[in-house]
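Colleague: My questions will all concern the structure given below.
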Amino acid sequence: MDVPEDHITLGPAAANRAEHAARELRRLVLSLALRPGEALPERRLERLLGVSRSPVRQALAELRREGLVRRLGRSYHVAPIDLAELDELFAFRALLETSAVRWAAARRERAGLDAVEAILSGLRDVTPPEERLVGTARLHLALARASGNRFLADSLEALLPRVTRARYLELTTPESARRGDEEHRRIVRLVGEGRGDEAAEVMAGHLERTLGHLKRSVDSLGSRLRLVAAGEPA
């Protein structure tokens, strides 16, 4: 009987190969080297990732759980950009992250706030878009962890990879980057001062502006991407 690839138990060496394959495949999908809708034959991925079939299957299963890959019958494809899903993702993010900053401000737990401030300081000198995306995702996740609610933090951590690929399409200008940095600094300052409601208000506005800017960027690239519009089957 075949064992589903999601449940294969790997030894240490095989696990390392599977981790490498998942990391590299994720990078190729997020950077659009593998484009939305593109087929992912296992033999091609073996050559592309430099691993055997078992790590490839593990990598595909992991990215499927993250929403970056979809299975159609017996074959895998890079998941399309779903415009309706972006609205839903950011609505859920707003629920999670406004609650997170309120709770973090109420707790004002020093270790959690120090972790947030360290990440924020590190963003000042980061200019490559890919590194900024990683850094800002870490910042938002650190704020969620500072809330003291591990279920909230785990939910956001599971959600962020689905947002990250679309954010690679974002046409960031120096002005929008500066505004984002200013909003991050304001949120962190308000949390540190225990002003949770104000921090939540700034976070909600920050996420709303991010979504609007992202959707404009996606729209401008629509002819070069496979998109799924609202109500259209993926």
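The values are calculated or read from the model by the stated rules, or taken from the named source; none is laboratory data. This one's a predicted model, so the numbers in the text were calculated from it and none came from an experiment. Note that each Cβ is placed from the backbone with ideal geometry, even for glycine, and that neighbours are counted across all protein chains shown.
Colleague: Modelled with pLDDT of 85 or more and buried (at least 18 other Cβ atoms within 10 Å of the Cβ) - does that describe any residue in segment 165-176?
Modeller: No: segment 165-176 contains no residue that is modelled with pLDDT of 85 or more and buried (at least 18 other Cβ atoms within 10 Å of the Cβ).
Colleague: In segment 42-65, which residue that is surrounded by 19 or more Cβ atoms within 10 Å (Cβ to Cβ) and under 20 Å from the mean Cα position of the chain (by Cα) is farthest from residue 201 (Cα to Cα)?
Modeller: Across segment 42-65, the extreme among qualifying residues is 58.
Colleague: Okay, next question. Please enumerate the residues belonging to segment 59-75 that are of a type outside the set (Gly, Ala, Ser) and modelled with pLDDT under 95.
Modeller: 62, 63, 64, 65, 66, 68, 69, 70, 71, 72, 74, listed by residue number.
Colleague: From the list 17, 44, 23, 64, which residue is over 29 Å from residue 156 (Cα atoms), of a type outside the set (Phe, Trp, Tyr), part of a helix (DSSP H, G or I) and not assigned by TED's automatic domain parsing to the domain that holds residue 214?
Modeller: None of the others qualify; the one that does is 44.
Colleague: Given the conditions (1) within 25 Å of residue 37 (Cα to Cα); (2) over 17 Å from the mean Cα position of the chain (by Cα), and given that residue 170 satisfies all but one, which numbered condition is not satisfied?
Modeller: The one condition residue 170 does not meet is (2).
Colleague: Pairs please, first residue from segment 79-91 and more than 11 Å from residue 214 (Cβ to Cβ), second anywhere and of a type in the set (Gly, Ala, Ser) and crowded, with 18+ Cβ neighbours inside 10 Å, Cβ atoms under 7 Å, 6+ apart in sequence or on different chains.
Modeller: none
Colleague: Would you mind telling me which numbered condition in (1) assigned to a loop (DSSP other than H, G, I, E, B); (2) loosely packed, with under 14 Cβ neighbours inside 10 Å residue 37 fails?
Modeller: (2)
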